[in-house]
Amino acid sequence: MQGLLNRPISAAGIVALAVAAILPFFCHNYIVDVALTIVTYGILALGLNIVVGYAGLLDLGYAAFFAIGAYTTALLETLLNFNFWETIPFSLLFAGISGIIIGYPTLRLRSDYLAIVTLGFGEIVRIIATNLDITGGPNGIYGINPANLLGHDLTSPKSVYALGLVFLVCVLILVIRLGRSRLGRAWTSLREDENAAEAVGVPTLRVKMLAYVIGALIGGLGGSLFAARFGTIDPSSFTYAQSVSILIIVVLGGRGSIPGVLLGAIIIAGLPEALRFLNLWREFVFAIALILLMLVRPQGLWPARLRHIAPPSAEDAHATPHAEVAEQIAETTAGEPDVLLEARDVSRVFGGLKAVSNVNFTVHRGEILSIIGPNGAGKTTVFNCLTGVIPPSAGAIIWNGKPLAKLAPHKVVARGLARTFQGIRLFDNLTVFENVLVGMDHRFHVSLASEMLALSYARRETHLHHAAGRNWLEFVGLTAQAGLRAGDLPYGDQRRLEIARALAGQPQLLLLDEPAAGMNPTEKQSLMGLIRRIRDLGTTVLLIEHDMLLVMGVSDRVIVMDRGQVIASGSPSEVQSNPRVIEAYLGAGEDEDEDSLAAVSEGAVA
Amino acid sequence: MSEFIQLVVAGLTTGSFYALVALGYTMVYGIVRLINFAHGDIFMVGAFIGWTVLTAVAASHMPWGIGLLLALILAMLLTGGIGVVIERFAYQPLLSAPPLSILITALGVSIALENGVLLIFGAGFNTYPHLIGSEGFMLGGAHITNIQVGIIVLSFLLMGGLYLFVHHTFIGTAMRALAVDRDAARLMGINVERVIQITFFLGSSLAAVAGVMEGLYYTEINFFMGFVVGLRAFTAAVLGGIGNIPGAMAGGLLIGLLEAFSAGYISSRWTDVIVFLVLIGTLVIKPTGLFGERVVERM
């Protein structure tokens with residue numbers, strides 16, 4: 001909380017809330033009523049912002065959760081004589097359950113399909129409310145009691161407004177804390193690149209589900225408030241148009257930006273009131289204004305800023321017990337077998353094409369092993385099979401003596417296999433430091449609740465976590481760039497950041513997919529040094545690379561693949577003189593055996 | 001049996017509207033990855049242009065066949081033009097912006113079109129001139145009207161024509177190239193902006209035909225009619241696999257049949273619930289829709 005006061009925007013936000021709090025003392029009831037509508041939309045939009053802004057998913061049926069909260073409060077009050085406060089846990093419960101119901105089928109869908117599925121869900125809820133007798137059909141439910149506090153019914157606009165403002169502040173604290181937590185970071189990584197997030201250990205399906213559920217809880221809370229405010233509800237408040245309005249608030253205000261979302265709520269809920277004098281033209285003018293605003297500010301009126309987490313200082317970081325990574329790795333790997341990984345008859349078929357067929361190889365602990373081969377030889381497919389991105393069609397992968405059954409990529413990461421990608425896949429709109437933190441968050445074992453409450457032990461653990469992250473940046477030489485946007489880094493730095501992100505999970509085996517691609521000779525030299533230092537930490541390295549100077553200079557052993565098969569393996573010098581290898585690279589009929597390898601390496605470097 | 005045939009014909013008729021509108025969703029999505037939420041309202045605008053022309057024709061003493069042809073052609077041209085104008089001013093500047101921004105302008109266009117028509121034509125129902133009566137013939141005990149046959153035949157002709165256009169003309173090839181890779185298409189010398197405009201024109205004119213036919217079939221139109229049809233057509237496009245032209249046609253007809261059967265055998269109050277449950281169920285089993293191809297992402 002003290003961090004909040006240090007920032008000018010947070011200070012301005014607190015002033016704005018204070019102004020909102022004293023509004024009823026000098027304003028007419030009509031203004032207070034409009035302000036209450038803004039507050040309600042603000043709560044709903046903050047909830048939808050988790051789904052749309054933080055996690056980058058689409059939800060066109062958000063009003064359904066609003067409806068479920070409102071109907072739960074209305075039904076429990078009118079049928080079972082619950083009071084307002086007693087209904088709230090049930091509103092949250094039912095909204096949360098429906099968040100799971102809507103989340104589940106959408107987990108595997110691409111975002112464009114989410115639009116219609118969520119829209120459909122919203123319509124289903126509304127139609128059910130319209131068609132059932134218990135919900136009062138199209139007429140809805142009357143006679144909902146207002147909230148009661150210390151024996152006083154909160155009926156006057158001013159008292160309901162105060163209640164709404166309290167709810168808004170609670171939701172605000174929740175979403176701000178969530179946004180800064182490890183879960184918030186996971187949501188952002190999901191928004192930036194879902195596959196990369198999964199590959200560095202983010203359990204993307206669970207994280208998506210949590211976005212829907214927490215968004216739903218906030219929607220349900222908004223619904224309860226709505227029911228208590230009006231005393232009567234009917235299906236016409238929970239239409240597709242309502243969902244669209246909430247979505248417009250989030251996008252117009254600025255996805256992921258809390259001040260933006262609140263500004264959006266003020267505009268979308270307040271503007272129609274301000275335009276009342278236009279009568280019939282009101283909606284039309286509103287629509288044109290909306291289009292123009294989006295054209296002028298496509299990112300929203302108040303776009304989210306880059307989230308900054310300051311890494312601890314050098315002295316601070318080095319003083320932490322987590323600093324000695326090599327010791328830690330030695331501890332975790334003590335007593336494990338010497339053969340770290342074994343591929344047994346691994347095959348992968350795409351349609352009719354055998355990309356990988358019956359590949360066998362072993363990776364020994366502590367070595368640097370390279371896989372080389374012409375383009376299309378199946379090297380990256382082997383990586384994808386090892387890391388769980390695609391299941392092998394046949395064969396087994398033995399990890400530390402046990403078969404690695406078909407695990408999701410994030411679980412493979414948790415077992416200790418981390419990877420980088422052939423085409424760089426960073427989370428561009430996160431800082432360099434946060435990219436590394438995403439890579440290590442799966443090792444962070446403080447509960448989310450204690451992290452959000454900033455309990456002292458959680459703060460200590462967070463500090464250690466950040467110190468370790470800083471050390472990884474130092475390891476690859478990016479400490480000075482920690483606060484930059486990852487997408488703004490030059491190419492070579494992006495490659496090194498990707499390696500740091502993978503290393504940060506402290507893998508036993510690091511898989512590097514063409515790390516030298518696009519690097520200049522100087523950068524390649526320092527990459528060679530980096531790979532050796534990674535091995536010296538105790539991390540085994542499996543490398544796919546076309547650059548022969550690098551491969552031959554750094555590898556303990558080399559595996560050569562061609563057309564999906566392993567055609568040779570051995571020490572760099574053995575492989576260099578193997579005739580099948582030379583044939584694979586230069587084609588059959590070449591006689592200049594002795595010179596060809598020189599040609600191979602020259603050509604690859606050039 | 002007679003009820004079954006009756007429902008099949010009714011389903012194919014409404015399914016034809018959905019299919020024609022779904023084509024617009026799917027073509028635009030295939031090319032610019034935009035879910036054009038204003039497309040249902042484009043359909044509505046087409047219905048109103050057709051109504052304006054037909055009312056004028058009914059007042060004169062033109063033969064109704066020529067009047068109808070005139071109404072269809074004018075509705076197609078004007079609505080297509082409106083589609084192009086919307087693309088030019090509301091969508092084109094945002095094609096490289098985050099996808100949600102353009103979605104919001106599409107929603108804005110939708111609200112603007114509905115309220116624009118409301119301002120011009122009023123909030124009530126406008127009645128289409130009764131050019132084609134309810135004459136028909138009996139088939140297996142079911143009464144099939146001439147207008148139902150006309151709607152189904154015209155829709156199939158248009159859909160077949162569109163399929164031939166997309167697969168056998170230079171512009172159609174360019175459209176398919178754009179759908180695969182817009183930048184590569186531009187580098188190959190394709191005028192990308194022009195092809196996008198043609199796509200919007202085609203999609204909007206097909207929706208206009210559906211609008212005029214719906215006016216003739218149900219005889220009443222109003223400014224809000226685009227919502228339900230747009231929603232069903234969008235569902236149809238996704239069900240068939242969005243971006244896939246034959247998929248949109250099949251999806252539209254399937255949704256039409258589903259709607260007719262659920263209204264006939266269950267209750268029209270639950271139609272939307274049934275349609276959406278079928279859609280969600282289909283997507284859970286086959287996440288890319290019935291005819292959509294799985295997109296393999298390279299790692």
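Bear in mind that the values in this text are calculations on the coordinates, not laboratory data. Remember, predicted model here, so these are calculated numbers, not experimental data. Please note: Cβ atoms are built from the backbone with ideal geometry, for glycine as well, and neighbour counts cover all protein chains shown.
Could you list the GluC sites (Glu not before Pro) in segment B:47-147 that lie in coil according to DSSP, counting only those with at most 16 other Cβ atoms within 10 Å of their Cβ? Don't jump to the answer; show the numbers that get you there.
Values: sites: B:E87, B:E114, B:E135; in loops: B:E135.
Here the GluC sites (Glu not before Pro) that fit, given the DSSP loop and packing criteria, are B:E135.
Between segment A:411-477 and segment A:226-304, what is the separation of their alpha carbon centroids in Å?
37 Å
Dipole size in debye (nearest 20) for segment A:35-183 around its Cα centre, Lys and Arg Cβ +1, Asp and Glu Cβ -1? Don't skip to the answer; put the middle values down first.
On the way: 7 positive and 7 negative charges, 120 e Å.
Using only the charged Cβ atoms, the result is roughly 580 debye.
Averaged across B:87-99, how many Cβ atoms of other chains sit within 10 Å of each residue's Cβ atom? The partial results should precede the final answer.
Details: counts 0, 0, 2, 5, 2, 0, 4, 4, 0, 1, 5, 7, 4.
The shielding value for this peptide is 3.
Quick one: dipole size for the protein assembly as shown, taken about the Cα centre, charges +1 on Lys/Arg Cβ and -1 on Asp/Glu Cβ, in debye to the nearest 20. Before the final figure, lay out the partial values.
Values: 56 positive and 65 negative charges, 274 e Å.
Dipole of the protein assembly as shown, to the nearest 20 debye: 1320 debye.
Find out how many positive minus negative residues lie around B:M44, taking Lys and Arg as positive, Asp and Glu as negative, among other residues whose Cβ is under 13 Å from that of B:M44. Walk me through the numbers on the way to the answer.
On the way: positive: none; negative: B:D41, B:E114, B:E214, B:E220.
Combined, the nearby Lys, Arg, Asp and Glu give -4.
In chain A, with Lys and Arg counted as +1 and Asp and Glu as -1 at Cβ, which of these residues, A:I97, A:P507, A:V207, has the Cα nearest the positive end of the dipole, that is, farthest along it?
Final value for the positive-end residue is A:I97.
Please identify the longest segment of chain B free of exposed trypsin sites (Lys or Arg not before Pro), where exposed means a DSSP state other than H, G, I, E or B and no more than 13 other Cβ atoms within 10 Å. All intermediate terms of the calculation are to be shown ahead of the outcome.
On the way: sites that count: B:R294, B:R298.
In chain B, the maximal stretch lacking such sites is B:1-293.
Out of all DSSP beta bridges in segment A:318-605, what portion is antiparallel? Express it as a percent rounded to 5. Mind dumping the intermediate values first?
Values: 21 of 37 bridges.
The antiparallel fraction comes to roughly 55 percent.
Just tell me how shielded A:115-124 is by partners: mean number of partner chain Cβ atoms within 10 Å of each residue's Cβ, no decimals.
Details: counts 6, 12, 7, 0, 6, 12, 3, 1, 5, 8.
Average neighbour count from other chains, rounded to a whole number: 6.
Of A:L448, A:L114, A:N145, which is farthest towards the positive pole of chain A's charge dipole, taken about the Cα centre with +1 and -1 on the beta-carbons of Lys, Arg and Asp, Glu respectively?
Ranked along the dipole, the leading option is A:N145.
From the residues A:G352, A:A458, A:V554, which one has its Cα farthest along the dipole of chain A in the positive direction, the dipole being from +1 and -1 charges on Cβ of Lys/Arg and Asp/Glu about the Cα centre?
My answer, from the dipole projection, is A:A458.
Please go through the residue pairs A:K402/B:K286; A:K354/B:K286; A:K379/A:K402; A:K208/A:K402; A:K402/A:K524; A:K411/B:K286 and name each one whose alpha carbons sit more than 28 Å apart in this structure.
Working: A:K402/B:K286 33 Å; A:K354/B:K286 25 Å; A:K379/A:K402 23 Å; A:K208/A:K402 30 Å; A:K402/A:K524 36 Å; A:K411/B:K286 25 Å.
Listed pairs above 28 Å: A:K402/B:K286; A:K208/A:K402; A:K402/A:K524.
Most mobile of B:A47, B:A179, B:A236 per a Gaussian network model of chain B (Cα springs, under 10 Å)?
B:A179
Taking the C-alpha atoms of the protein assembly as shown, how large are the radius of gyration and the largest Cα-Cα span, Dmax, in Å?
Looking at the protein assembly as shown, its Cα Rg and Dmax stand at 31.1, 99 Å.
Note down the net charge around B:L113, summing +1 for each Lys or Arg and -1 for each Asp or Glu among other residues with Cβ under 13 Å from its Cβ. The partial results should precede the final answer.
On the way: positive: none; negative: A:E283, B:D41, B:E114.
For residues surrounding B:L113, the net value is -3.
Could you work out the mean count of beta carbons from other protein chains within 10 Å of each residue's beta carbon in B:237-250? Provide the component values of the computation, followed by the final result.
On the way: counts 1, 7, 1, 0, 1, 5, 1, 0, 0, 0, 0, 0, 0, 0.
Mean partner shielding for this stretch: 1.
To the nearest 20 debye, what charge dipole does chain B have about its Cα centre, counting +1 at the Cβ of each Lys and Arg and -1 at the Cβ of each Asp and Glu? Intermediate values should be presented prior to the final figure.
Details: 11 positive and 14 negative charges, 122 e Å.
Computed about the Cα centre, the dipole is about 580 debye.
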